[in-house]
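Participant: Structure incoming, see below.
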Amino acid sequence: MAGSHNISRRDFIKITTAAVGTFIGAAIGLPAIDFLIDPALKSGKTDAWIPLGKLDAFEIGKPTLATFTRSTVNGWEKTVNSYGVFVLCTSDTETLVLSNRCTHLGCHVNWNVDKQEYICPCHDAQFGINGEVLGGPPPRPLDRFSGDQVKVEDGTLLIHFLEG
Amino acid sequence: MWKKLFAWLDERLALNDLYKATLDRPEPKGNWWNTLGSASLFLFLLQGATGIFLSVYYTPSPDHAYDSIQYIMNGVAFGWLIRGIHHWGSSVMVLVVFIHMIRVFVTASYKYPRELTWLIGVGLLLCTLGMGFTGYLLPWNQKAFWATTVGTAIAGSVPWIGPFLLKALRGGTDLSALTLSRFFAAHIWILPAALTGLIGVHLFLIIKHGESEFPGKDD
């Protein structure tokens with residue numbers, strides 16, 4: 001062996017050990033970091049078109065409750081949540097779809113036929129037939145599904161439902 | 001700059017002395033059989049690291065143990081890798097520790113002044129087997145359940161104190177949530193703590209006495 005390529009046995013062992021150690025550390029360490037932060041990298045957002053029923057089955061001028069359930073999986077635990085929307089057909093083709101979740105604290109509002117108002121049983125919030133706030137603590141009108149969140153296919157009314 | 005920093009740290013932490021005592025100590029002429037102790041230590045650290053990672057998702061309850069492992073295997077990025085290393089690493093560790101023991105026996109390295117290093121090594125072997133036994137139950141599948149049923153029943157066959165041992169191991173007469181949680185506690189706290197302490201003394205004694213020379217033809 002000649003010239004500057006000489007490397008002592010000790011240095012060779014040191015460098016090799018360091019290189020192999022670094023390789024093993026990275027091969028386990030980098031996947032381990034991904035393993036740890038994996039839940040933070042999942043979006044958890046889902047969306048789906050939910051059929052609410054035949055459009056002509058909804059009575060014109062009368063808010064009708066349509067309910068559906070959605071299941072979410074957190075880790076290995078599945079949770080099923082119930083949702084409800086009020087469908088109001090204003091004409092043969094025009095619909096107004098309102099969420100039944102009170103915008104105050106999320107209780108389910110009911111349609112009161114006598115008063116022609118949505119009433120929240122929790123804090124007596126009142127909403128008009130179009131979802132506008134008439135009284136009580138709610139900060140904003142009932143959420144509505146409008147525009148491209150609503151469609152009719154083969155006579156069935158669908159809403160575009162987003163979660164997460 | 002770095003030299004000054006190192007000198008400052010060295011003066012306070014004795015880094016050079018530590019390095020010389022652990023990695024630069026004089027060794028008798030040996031061969032690859034002498035590396036099994038270091039291999040055991042590496043496997044212990046590997047099992048410790050992967051085990052800590054697994055505990056992030058694993059849930060030691062009959063309702064969740066099996067599902068949480070299914071989730072680790074299929075739902076978490078590189079979960080299959082972390083669990084795979086832990087699963088196979090346990091078998092490799094038992095094997096390597098056992099071969100290490102045989103090597104020490106064959107080269108008569110347990111003799112004066114290393115008798116206590118050997119005895120502590122026996123404790124380390126038993127703890128390693130205990131880790132294997134307790135870890136085997138944690139997936140809470142059929143194999144785990146019945147293997148532990150049989151294993152604890154064997155402890156129950158000891159004369160006089162058998163029934164007591166069986167109930168102490170199972171946390172009751174039957175395998176239950178209590179068995180799972182006490183095996184989990186043993187697997188991640190009690191046995192690792194014992195192993196860590198024993199490894200510390202084992203290593204101290206090895207550094208203190210140095211490695212034994214292979215016996216020659218005259219011995």
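A short reminder: the numbers here are calculations on the coordinates, not readings from a lab. For clarity, every value in this text was computed on a predicted model and none was experimentally measured. Cβ coordinates were reconstructed from backbone atoms using ideal geometry, including for glycine residues, and neighbour counts include every protein chain displayed.
Participant: Within region B:73-87, work out how many residues are under 21 Å from the mean Cα position of the chain (by Cα) and facing chain A (nearest Cβ under 10 Å). Let's see the steps before the verdict.
Facilitator: Our first condition is that a residue be under 21 Å from the mean Cα position of the chain (by Cα); within region B:73-87, this holds for B:81-87.
Within this subset, residues satisfying the condition of being facing chain A (nearest Cβ under 10 Å) are B:81-83, B:85.
Residues meeting the conditions: 4.
Participant: Still on this structure: Going by the structure shown, is B:THR35 touching a helix residue (DSSP H, G or I) at 6+ places or on another chain (Cβ under 6 Å), β-branched (Val, Ile, Thr) and without any contact (Cβ under 8 Å) to a residue 12 or more places away in the chain? Explain how you work it out, then say what you get.
Facilitator: Values: touching a helix residue (DSSP H, G or I) at 6+ places or on another chain (Cβ under 6 Å): no; β-branched (Val, Ile, Thr): yes; without any contact (Cβ under 8 Å) to a residue 12 or more places away in the chain: yes.
No.
Participant: What number of residues within region B:125-147 are touching a Ser or Thr at 6+ places or on another chain (Cβ under 7 Å) and either closer than 21 Å to B:PRO163 by Cβ or of a type in the set (Lys, Arg) (or both)?
Facilitator: Selection size over region B:125-147: 1.
Participant: Which one of A:LYS14, A:LYS42 is surrounded by 11 or more Cβ atoms within 10 Å (Cβ to Cβ), over 24 Å from B:VAL56 (Cα atoms), facing another protein chain (nearest Cβ under 10 Å) and free of Cβ contacts under 8 Å to residues at least 24 places away in the same chain?
Facilitator: Exactly one of A:LYS14, A:LYS42 is surrounded by 11 or more Cβ atoms within 10 Å (Cβ to Cβ), over 24 Å from B:VAL56 (Cα atoms), facing another protein chain (nearest Cβ under 10 Å) and free of Cβ contacts under 8 Å to residues at least 24 places away in the same chain, namely A:LYS14.
Participant: Restricting attention to region B:12-32, does a residue exist that is surrounded by 17 or more Cβ atoms within 10 Å (Cβ to Cβ) and either more than 11 Å from chain A (Cβ to nearest Cβ) or among the hydroxyl-bearing types (Ser, Thr, Tyr) (or both)?
Facilitator: Checking region B:12-32: not a single residue is surrounded by 17 or more Cβ atoms within 10 Å (Cβ to Cβ) and either more than 11 Å from chain A (Cβ to nearest Cβ) or among the hydroxyl-bearing types (Ser, Thr, Tyr) (or both).
Participant: Just to be sure I understand, how many residues within region A:57-72 are surrounded by 12 or more Cβ atoms within 10 Å (Cβ to Cβ) and either charged (D, E, K, R) or within 12 Å of chain B (Cβ to nearest Cβ) (or both)? Don't jump to the end; show me each part of the working.
Facilitator: The first filter runs over region A:57-72 and keeps only residues surrounded by 12 or more Cβ atoms within 10 Å (Cβ to Cβ), leaving A:57-58, A:60, A:62-66, A:68, A:70, A:72.
Filter once more, keeping what is either charged (D, E, K, R) or within 12 Å of chain B (Cβ to nearest Cβ) (or both): A:62, A:70.
Residues in region A:57-72 being surrounded by 12 or more Cβ atoms within 10 Å (Cβ to Cβ) and either charged (D, E, K, R) or within 12 Å of chain B (Cβ to nearest Cβ) (or both): 2 in total.
Participant: With the requirement that a residue be exposed (fewer than 12 other Cβ atoms within 10 Å of the Cβ) and farther than 23 Å from B:PRO62 by Cβ, what does region B:153-176 give you?
Facilitator: B:SER157, B:PRO159, B:TRP160, B:ILE161
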